[in-house]
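Here's the structure we're looking at; comments come further down.
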Amino acid sequence: MPAPVVLFAFKRPHELKQTLVALCANRLASETDLYVFVDGPRRDDEVAKVKAVHTIVDSITGFKSVHRMYSETNIGCANSIIAGVTKVLTQHPAVIVLEDDIVTTPNFLDFMNQSLAQYADSVDVFSVGGYTFPFKRPAGYTADGYFFQRTCAWGWAIWADRWQQVDWELADFEEFINNPQARKQFNAGGSDRVRMLKRARNLAIDAWDIRLCYNEFKVGGYTIYPTVSKTVNIGVDSPDSTTEVVYDRYKPVLDDGLQYQFNLPQQVQVHSHYGRQFRWKFSIPVRAYNKLLTYSTQLLRLF
């Protein structure tokens with residue numbers, strides 16, 4: 001039986017429509033239970049957009065079942081996702097998670113479900129990612145996935161037992177932040193991670209994903225990624241996005257959606273080729289360069 005999909009929405013009807021059309025086009029959609037959580041408006045000027053989202057969600061068809069949950073008040077992105085995933089995982093052993101701006105390929109559900117099945121008993125595998133950068137495939141690499149020690153936020157899946165390990169309150173944060181070696185090890189998965197964790201801890205950002213990422217790091221876990229992306233984020237340049245990007249450095253090469261059986265790696269380890277490429281994408285020089293491109297894009301829009 002396919003894992004349920006948990007979809008989170010707020011006030012982006014245009015993006016949500018595209019996300020639902022793509023998800024419904026998945027081969028396994030009609031066999032999949034869909035849970036939709038819609039957060040409430042923060043201000044009066046958001047009421048109409050949230051109502052438009054409700055209208056779209058009310059009309060969803062094409063899935064095995066649809067469960068709709070509408071919040072009357074705004075609880076925020078992070079709290080909504082944490083509470084929603086926790087709720088659904090009390091009823092299912094694993095879930096696939098999407099937000100309202102993640103468009104999927106027709107074989108997204110196949111990749112996610114096959115990964116969940118194959119690695120269910122591999123305790124080192126913490127989660128499944130649906131997105132990947134357009135990395136070059138190393139010569140002789142035949143697998144359709146690779147491992148890296150960083151979670152994915154743009155279409156992902158997790159098992160209930162892994163989810164239950166997560167300390168969302170970051171109880172050991174002070175011990176971690178005062179340990180230079182621990183900080184260095186955490187940033188080995190991306191030079192942005194310690195800074196993001198600090199901001200999440202200080203409530204400067206409404207973020208659940210860096211906390212999940214930190215907990216994967218603490219248990220020494222891995223995320224299985226596809227070698228060709230099964231998702232694209234269409235909301236990075238949206239005024240309603242929580243992603244701090246204008247220049248889209250995350251644009252992937254999407255899977256054509258024709259493959260439904262995947263050759264996933266048997267050994268849970270980071271391949272040196274993919275590890276180097278992943279670390280480079282989140283290195284300080286690349287991040288600085290992308291910030292310059294974002295700034296240039298913002299300037300050009302003024303003229």
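Computed from the coordinates by the stated procedures, all read-outs in this text should not be read as laboratory data. As the structure is a prediction and not an experimental result, all values here were calculated from the model. Reconstructed Cβ throughout: ideal geometry from the backbone, glycine too, with neighbour counts over all protein chains shown.
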Expected max-MSF residue from Cys77, Cys152, Cys213 in the GNM of the chain (alpha carbon, under 10 Å) is Cys77
Kirkwood calc, segment 5-300, C-alpha pairs only, radius in angstrom 19.7 Å
Between Gln267 and Ala188, Cβ-based FRET efficiency (R0 22 Å, step 0.05) works out to 0.65
In whole Hz, the Karplus estimates of ³J(HN,Hα) for segment 173-181 (6.51, -1.76, 1.60; θ = phi - 60°; x where Gly or Pro) are 4, 4, 4, 5, 5, 8, 10, x, 5
Sorted by chain and then number, the residues having a modelled amide H within less than 5 Å of the amide H of Ala94, at least 5 places away or on another chain, are Ala160
The longest stretch of the chain containing none of the GluC sites (Glu not before Pro) that sit in a DSSP loop with at most 13 other Cβ atoms within 10 Å is 73-168
